[in-house]
Amino acid sequence: MGDIPLFGMLDILGTFAFGLSGATVAIRKELDLFGILVLAAAVGVAGGTMRDILLGDLPPESLRDTRLLLVACSAGLAAFFLGSRLEALKRPVMLLDAAGLGVFAVSGCHKALEHGLDPLAAVLLGVMTGVGGGALRDIMSAEIPRVLREDVYAAAALAGAAVYAACHWAGLPQVPSVSGAVLLTFALRVASERFGWKLPRAPRS
Amino acid sequence: MGDIPLFGMLDILGTFAFGLSGATVAIRKELDLFGILVLAAAVGVAGGTMRDILLGDLPPESLRDTRLLLVACSAGLAAFFLGSRLEALKRPVMLLDAAGLGVFAVSGCHKALEHGLDPLAAVLLGVMTGVGGGALRDIMSAEIPRVLREDVYAAAALAGAAVYAACHWAGLPQVPSVSGAVLLTFALRVASERFGWKLPRAPRS
Amino acid sequence: MGDIPLFGMLDILGTFAFGLSGATVAIRKELDLFGILVLAAAVGVAGGTMRDILLGDLPPESLRDTRLLLVACSAGLAAFFLGSRLEALKRPVMLLDAAGLGVFAVSGCHKALEHGLDPLAAVLLGVMTGVGGGALRDIMSAEIPRVLREDVYAAAALAGAAVYAACHWAGLPQVPSVSGAVLLTFALRVASERFGWKLPRAPRS
């Protein structure tokens, strides 16, 4: 997304946020410094890397632009030094994570459309880019991915990616489309957390 | 496998079967509607997507032909509305799953041979295509993949893929080769379930 | 790494070692013969396959050169017949695993540099090649990857890959660079196991 400067900055913010969330889980599982850095790096760049693998754009951005890896590792280091005080920062971390979700969902959708994918496939690739890092984090912690359990997480990413795809189809200018779509995901995610929104479950006997 | 019409239909059937198996696990784990759809889609297209990544045929068929994603999501929706009544359908779901296993194992092997892989590598890619979706389903549910625990699952996929590779090498016509190989996997899988066939385990002290 | 004959042999040794480690876990989890072979093959070739996917060098070496798969499967068969006696071989298996870690970390770094990646990205790809197989083994066993929990595992891979990248940058001849870097990883890993070296953990409240 080097063509949109706004995106460059958001991308780095999102990578930092996801790196932090990976490191937080690593600390809770009492991993050592190295495990923290590995999980921070993996979670920070996994979504974008899956996106680039599926688009055949290899080597992926995460290996071509090492700033992203450095940002994710910095998040890991920051978490290591904050240690247990990180728990007190739960709220800002959640806000960063919601911002990262929006940025990656929209940037994934954007890149997929530029590679000529269908809108439906592009929206789904956007959702995967947004939720991929967190899913890997949970799989590596031997837990059911939170994206599957948590209400309005993938759904928020879907909304942002779908709105961006619609704006793109309608030929609207890029900066407002991107900003609006990212904000939508962010707002949905934060509001659902704040108001405890739930999605329906299948009825059980 | 767009070149064999029979395969197009079988592919869709297999995707539906695997989507259903993903959704069934999601419902058992009490995931919400969105989690069910995500797991159904992931399980439905994962095997074919891994196959296309390894062959370098990117973006993968699952992103180029969105019918497959729609079919997998329909399976998720169907499972959501059936809810706990799905348990009563255990047997037809198992039959569908066995059919999907055969279809994907043979189609993976076929595509690998067309990309010029060795027969041995093609057979293994076929097995991976067949069992990949189910393995992802179990990993995302934080369980040991059933393909590793269950007797005669990957082995049935292997038999079908190997027979197809042999027919291909012998230059036999495609439609009977494909049908025979798919049926072999299907029959082995169903029979092993029915008669409780076991494979040997390593001796323990 | 076909261009360095020394590497060809080491690669096969590493694949055998990782295949054995996959099979050992499979036997402990009481999987059947087929599960053992699948896990041995997956663990043996996973690191190199991830490396080739990320470099866009597809189909990956593991599918083009089926010797690697055969070696990994032989390791699975050997483990199956050794059965519980394998526990007595814990020490040689650990040495083989340390050798495999070094070989794959350095070969991954080498191949990434040849594909024109940055040294930092190349070192990280080397680490991933080294630890990828073991991580997959643990994820498929529904456990937190040992690479995250175990002190001085990824760190040893990092040291070897970084030293190799430095030698490559300095233009040193290949055979001593490769040998030195592989030996460094091997020695660090074995020494850390022997002397119980620990890396720091984040402070907890």
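The values are calculated or read from the model by the stated rules, or taken from the named source; none is laboratory data. Because the structure is predicted, anything quoted here is derived from the model rather than measured. Cβ coordinates were reconstructed from backbone atoms using ideal geometry, including for glycine residues, and neighbour counts include every protein chain displayed. Just so you know, the surface numbers come from the protein's heavy atoms only, side chains and all, with ligands and any DNA or RNA stripped out. Shrake-Rupley method; radii C 1.70, N 1.55, O 1.52, S 1.80 Å.
The table below lists the values:
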| read-out | value |
| --- | --- |
| Relative contact order (%) - segment B:6-194, alpha-carbon pairs under 8 angstrom, separation at least six | 24 |
| Segment C:6-194 - accessible surface per residue (Å², probe 1.4 Å) | 35 |
| Listed residues B:94, B:50 arranged by accessible area, highest first, probe 1.4 Å | B:50, B:94 |
| For A:35-42, mean number of other protein chain Cβ atoms within 10 Å | 5 |
| Heavy-atom accessible surface of segment C:40-96: percent carbon and sulfur, 1.4 Å | 68 |
| Helix runs (DSSP H) in chain A reaching 30 Å along axis by Cα, Kyte-Doolittle at least 0.0 | A:5-28, A:33-55, A:90-114, A:119-140, A:174-195 |
| Estimated buried accessible area (total), pair A and B, 1.4 Å, Å² to nearest 100 | 2500 |
| Shielded residues, segment C:136-160 - accessible-area loss of 40 Å² or more between chain alone and all protein chains, probe 1.4 Å | C:139, C:140, C:142, C:144, C:148 |
| Of C:166, B:12, C:24, farthest towards positive along the dipole that unit charges on Lys, Arg, Asp, Glu beta carbons give the protein assembly as shown | C:24 |
| 30 Å Cα-Cα reach of residue C:111 towards lysines, excluding residues that sit fewer than 8 places from it in its own chain | A:111, B:111 |
| Length-normalised contact order for segment C:21-131 - Cα pairs under 8 Å, 6+ apart - percent | 28 |
| Residue A:84-residue B:91 FRET efficiency (beta carbon distance; Förster radius 56 Å; 0.05 resolution) | 0.60 |
| Value of [θ]222 nm, deg cm²/dmol, for chain C, DSSP H segments ≥ 4, -39500 (n - 2.57) each, nearest 500 | -25500 deg cm²/dmol |
| Rounded to the nearest 10 Å², the accessible area of residue A:91 at probe 1.4 Å | 130 |
| Relative contact order computed over segment C:82-185 (Cα-Cα under 8 Å; 6+ residues apart), in percent | 31 |
| Segment C:101-127-segment A:39-107 distance, computed between alpha-carbon centres (Å) | 21 |
| Highest-first arrangement of A:181-187, B:78-84, A:163-169, A:83-89, where packing means the average Cβ count within 10 Å | A:181-187, A:163-169, B:78-84, A:83-89 |
| Listed residue pairs exceeding 20 Å between alpha carbons, taken from A:90/B:29; B:29/B:90; A:198/B:29; C:29/C:198; B:29/B:198 | A:90/B:29; C:29/C:198; B:29/B:198 |
| Overall form of segment A:57-123 per C-alpha gyration tensor (a/c, 1.5; a/b vs b/c) | oblate |
| Which of A:36, A:139 is most accessible, then next, and so on - probe 1.4 Å | A:139, A:36 |
| Cα gyration tensor, segment B:116-205 - rounded (a/c under 1.5), prolate or oblate | prolate |
| Residues in segment C:99-122 reached by a label modelled at residue C:183 [backbone nitrogen below 12 Å; 7 Å Cα→Cβ] | none |
| Long-range Cα-Cα pairs in chain C (distance over 19 Å), rounded percent | 58 |
| Segment C:110-149 residues near the modelled residue C:197 label - backbone nitrogen below 17 Å, point 7 Å along Cα→Cβ | C:127, C:131, C:147-149 |
| Dipole moment magnitude, nearest 20 debye, segment A:101-180 about Cα centre, only Lys, Arg, Asp, Glu C-beta charged | 80 |
| Solvent-accessible surface (1.4 angstrom probe) belonging to residue C:143, in square angstrom, nearest 10 | 70 |
| Prolate/oblate/rounded call for the protein assembly as shown, Cα gyration tensor, a/c under 1.5 rounded | rounded |
